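Undergrad: The structure is given below, and queries will be raised subsequently.
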Amino acid sequence: MLPIKVPPLGESIVEATVSRWLKKEGDVVAAGDTLVDLETDKITVEVPALKPGVLAKRSKAEGEIVHVDDVLGELDETAVPATVGATAAAPAAAISAPAGAPTPPLTSRPSPPPAPTQGESTKSSPAARRIAEERGIDIAAVAGTGRGGVVSKPDVLAAPTQRPPATQQPRGNGAAPGERETREKMTTRRKRIAENLLQSQHATAHLTTFNEVDMSAVNALREKYKEKVEKEHGVKLTFMPFFVRAAVAALKQFPMVNAQIDGDTIVYKHYVNMGIAVASDQGLVVPNIKDADRKGTIELSREISEVAKRARDGKLTMDDLTGGTFTITNGGVFGSLVSTPIINYPQVGILGLHKTQDRPVAVNGEVKIRPMMYIALSYDHRIVDGQQAVLFLVRVKELIEDPAAMLIE
């Protein structure tokens, strides 16, 4: 028997949750077939069959916590011919013996699997099946764009919905009539998010300062160029790349906000790997735009869109999630008017964006209605002084209110 082990999970990741088994005991598998998905605090890891054979045993159940090198199950590599990778779809009797030789008994041939349920007869990823079930979508009717025609999560999300998505309801709402409480075990990712947030609060001198920004100039610039940018470059021009560029300029002026603490040493980063907080089905993740300080608005727009899509599709890599130096989080997309974001430890600063709302403001002695946004900078007061934090936020405000000034930064 060939043991199926938990592979290395990536930098600093030591445990995972068995998310979903894709194969049942007795299933014939080809080398490279994904057997089980593991969910870590950062990414989803697919565990493939290293050799063709039959899945003889599943040692870990869905929802169990596992560690690197733990045995997930066993693969019987002797139960099927070595050519199963090329002939797995053919009946066992079709694999002929040498001419004149008696047909060997198929003593190791697995019992026929039960009739497939909806989704099993169609090649699909676990995430795709889950979303299809939640949305009441017949996954067999969804065209797959993945390798070999596999139906992926984006394919299901793009399909017409037969009933409202279950994810629109808060978790824990699946209570039986008369049931007053339900319990749901935290996933590995949710536990790690909780631990990291507590670590940030306990390990830093956490403080937040606020300002407000008149979004009129950026609104006008975006309206003027968004169609042209989408037509010529194939990307949507959002507000985020403007804030990324403004934050990069402010970080250059106040490098302490882009630094980190290592023991009793301050490590200055002469580059900006900009973390963009993204809400996904699995929880909040913060992928990074590497060397954001070397990129223009169009390139930033494209990379932000791509990394956000990978986050929502559960396709982030460890490189996406490591090496960040500063983070921007946008609670405004959910309607948040003001908040105090928690630092993405071990970074020392995070910029929080909020909902743009028309408000009366004084402009040259007159009351005007302007689209205003509150912005917040949470910072580690151990190395970032209040003056630096306030001036950093003022610089971001100045650049957003006069975006043309970023052209000469």
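Undergrad: Please enumerate the residues belonging to region 323-334 that are crowded, with 21+ Cβ neighbours inside 10 Å and closer than 16 Å to P241 by Cα. Reasoning before the result, please.
TA: To start, the set of residues in region 323-334 that are crowded, with 21+ Cβ neighbours inside 10 Å comprises 324-330.
Those that are crowded, with 21+ Cβ neighbours inside 10 Å and closer than 16 Å to P241 by Cα: F326, T327, I328, T329, N330.
Undergrad: What are the pairs, 6+ residues apart or on separate chains, where a residue within region 326-343 that is closer than 12 Å to A376 by Cα has its Cβ under 6 Å from a residue that is open to solvent by 50 Å² or more (accessible area, probe 1.4 Å) and hydrophobic (A, V, I, L, M, F, W, C)?
TA: Once the first residue is closer than 12 Å to A376 by Cα and sits in region 326-343, its partners that are open to solvent by 50 Å² or more (accessible area, probe 1.4 Å) and hydrophobic (A, V, I, L, M, F, W, C) give I342/L197.
Undergrad: Name every residue in region 1-22 that is open to solvent by less than 70 Å² (accessible area, probe 1.4 Å), within 19 Å of the chain's Cα centre (by Cα) and at negative phi, in order of residue number.
TA: L9, I13, E15, A16, T17, V18, S19, R20
To keep it simple, each residue is scored yes or no on (1) open to solvent by 50 Å² or more (accessible area, probe 1.4 Å); (2) under 22 Å from R310 (Cβ atoms); (3) among the basic types (K, R); (4) in a strand (DSSP E or B).
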residue: K24; (1), (2), (3), (4): yes, no, yes, no
residue: L35; (1), (2), (3), (4): no, no, no, yes
residue: V47; (1), (2), (3), (4): no, yes, no, yes
residue: V54; (1), (2), (3), (4): no, no, no, yes
residue: K57; (1), (2), (3), (4): yes, no, yes, yes
residue: K60; (1), (2), (3), (4): yes, no, yes, no
residue: D69; (1), (2), (3), (4): yes, no, no, no
residue: L72; (1), (2), (3), (4): no, no, no, yes
residue: L75; (1), (2), (3), (4): no, no, no, yes
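Undergrad: Right, something else. In this structure, is D320 open to solvent by 10 Å² or more (accessible area, probe 1.4 Å), closer than 27 Å to E230 by Cα and among the charged types (D, E, K, R)? Show your work before the answer.
TA: Numbers: open to solvent by 10 Å² or more (accessible area, probe 1.4 Å): yes; closer than 27 Å to E230 by Cα: yes; among the charged types (D, E, K, R): yes.
In short, yes.
Undergrad: Looking at region 335-358 only, could you name the residues that are more than 30 Å from H202 (Cβ to Cβ) and loosely packed, with under 14 Cβ neighbours inside 10 Å?
TA: Scanning region 335-358 gives a single hit, D358.
Okay, residues lined up against (1) assigned to a helix (DSSP H, G or I); (2) surrounded by fewer than 20 Cβ atoms within 10 Å (Cβ to Cβ); (3) of a type in the set (S, T, N, Q):
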{"site": "L237", "(1), (2), (3)": "no, no, no"}
{"site": "V248", "(1), (2), (3)": "yes, no, no"}
{"site": "L251", "(1), (2), (3)": "yes, no, no"}
{"site": "V257", "(1), (2), (3)": "yes, no, no"}
{"site": "H270", "(1), (2), (3)": "no, yes, no"}
{"site": "S301", "(1), (2), (3)": "yes, no, yes"}
{"site": "A311", "(1), (2), (3)": "yes, no, no"}
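Undergrad: Among the residues of region 325-337, which ones are in contact with a strand residue (DSSP E or B) (Cβ under 6 Å, 6 or more places away or on another chain) and modelled with pLDDT of 95 or more?
TA: Filtering region 325-337 down to residues in contact with a strand residue (DSSP E or B) (Cβ under 6 Å, 6 or more places away or on another chain) leaves 326-330, 332.
Passing the criteria: F326, T327, I328, T329, N330.
The values are calculated or read from the model by the stated rules, or taken from the named source; none is laboratory data. Fair warning: this is a prediction, and the values are worked out from it, not measured in the lab. Because the Cβ atoms are built from the backbone with ideal geometry, glycine has one as well, and the counts that use them run over all protein chains shown. Areas reflect the complete protein model, heavy atoms only, side chains present, ligands, DNA and RNA absent. Shrake-Rupley method; radii C 1.70, N 1.55, O 1.52, S 1.80 Å.
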